[in-house]
Amino acid sequence: MKKKATKRSETQARTTEPQRRLRLASLYRRNLYEFVVQQGMMALDAMLEQDLDLLCGPKYTRGGEHEALRWGNAEGRLVMGGRRIKARRPRARKDGREVVLPTWAEFADEDPLDHRTMQQMAIGVSTRNYERSLEELPDELDPHGASKSATSRRFVEMTEQKLQEWLSSDLSQLKLFAVIIDGIAIAEQSVVIALGIDENGQKHPLGLWQGATENAELCIGLLNNLIERGLDAQQSYLFVIDGSKALRKAIRVIFGSRAVVQRCQEHKIRNVLGHLPKSLHPSVNKTMRDAYRGVSKQTARKRLLNLVTQLESDHPDAAESLREGLDETITLKDWNLHAWLERTLSTTNCIENLNSTIRRVTRNVKRWRDGSMIRRWVAAGVFEARRTFRRLRGHAGIAALVKALRSPEQTTRIDQEANVA
């Protein structure tokens, strides 16, 4: 019996020891956090006293005529841990006016609070759960400003300000050569977004335009807005788009023959497969991809037309879908581009990634109040996506593309087409 009791006690000891260590670790962590906060507040008090010494001279001494006077203390508010806290604010006056202490001015800046709010919303934290996502602070600091309404107000003000700054920014200095345009549907509204690529391969969100449907007038409004902000309407650009007829019409109306249009190959493949039974998907998918990766435009066109002929009898809708805009899906062939650059600019994947971020950022919104709210949240998604932008894959070959795009031969072709028109 003694042996069994001994074994049982040893087992219990082994079981409870890790639990005891976890409880102690949790206690130490809590005490350490409170200690760090307390020491930080003490350090802040010391820094404020140093400011007073510089402005007013040492404590308990009569200052000179050029120095400010100590003027007691007041209750102030600072930003800490994604909320505001109560703190002692020493005061100083000179010539009858309040003197702002440099340390206080630095710590009282609300930008960190706005930034934290924006970051939490971008990663999917709702305004209702914002306070729960923050570290707890000691009650004596009187933490506040993390409620649902306060968080929502800050987010609305910040996104509205950033949206207006973005949509009024100057585009004339970006040296763009390509514009990728795509639409996204949110709350039964269409938002068309433009992404520019400069000659160094850097991506720049250019703007957005909102409407009930993705029609030609909506797309024309976006393009006109870009031109008003500095996009040169007399310059040749590469436009990468999906199969939207409204968007293609808008580009033709605004830029005419100066626009070099590349239809997204991925969209075209999906559209064709959507008209076919699943049994034919693997073979048709492979045939189209092999054609798009062909060595020349002539070869790619021949393979695609052969596929049209094969499909025309049994699947006329699929054949018509493939025939429509066929040449614009292979625009960049025969431009002698680097393989990666050609593949990258032959699809709208760059802006599709941006749209995915917008969908992730907006997925927690349960009730859309109006169009302004849609614009602000879409802008928040754009700003979040911009943080992760990288240079275009195959950017080393952009110089050759820009040279071909704006070569005398290209300009002559544009002039000839304009004369014919």
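Each value in this text was obtained by applying a stated rule to the coordinates, not by laboratory testing. For clarity, every value in this text was computed on a predicted model and none was experimentally measured. Cβ: placed from backbone, ideal geometry, glycine included. Neighbour counts: every protein chain shown.
Key figures
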{"quantity": "Cβ-based net charge around GLY325, under 13 Å, with every Lys or Arg adding one and every Asp or Glu removing one", "calculated": "+3"}
{"quantity": "Amide H contacts of ILE186 (H built 1.01 Å from N, under 5 Å, at least 5 apart or other chain)", "calculated": "VAL191"}
{"quantity": "Pairwise FRET efficiency - HIS338 versus ALA185, Cβ, R0 = 45 Å, nearest 0.05", "calculated": "0.85"}
{"quantity": "For MET42, MET288, order by how many other beta-carbon atoms lie within 10 Å, fewest first", "calculated": "MET42, MET288"}
{"quantity": "ARG360 versus ARG229: modelled label distance in nm, points set 7 Å from Cα along the beta carbon direction", "calculated": "2.4 nm"}
{"quantity": "Relative exposure of SER152, SER356, judged by other C-beta atoms within 10 Å (fewest first)", "calculated": "SER356, SER152"}
{"quantity": "ARG293/LYS148 FRET efficiency (R0 51 Å; Cβ-Cβ; nearest 0.05)", "calculated": "0.45"}
{"quantity": "Region 173-420: equivalent-ellipsoid semi-axes (sqrt of 5 x gyration tensor eigenvalues, Cα, Å)", "calculated": "29, 24, 18"}
{"quantity": "Violating pairs (Cα-Cα greater than 28 angstrom) within the set LYS203/LYS268; LYS245/LYS302; LYS278/LYS302; LYS162/LYS333; LYS249/LYS278; LYS203/LYS333", "calculated": "LYS162/LYS333; LYS249/LYS278"}
{"quantity": "Separation of the ARG323 and GLN161 label points, Cα + 7 Å toward Cβ, nm", "calculated": "5.7 nm"}
{"quantity": "Amide H within-cut-off set for ALA178, under 5 Å, with H built and near neighbours excluded", "calculated": "ILE197, LEU238"}
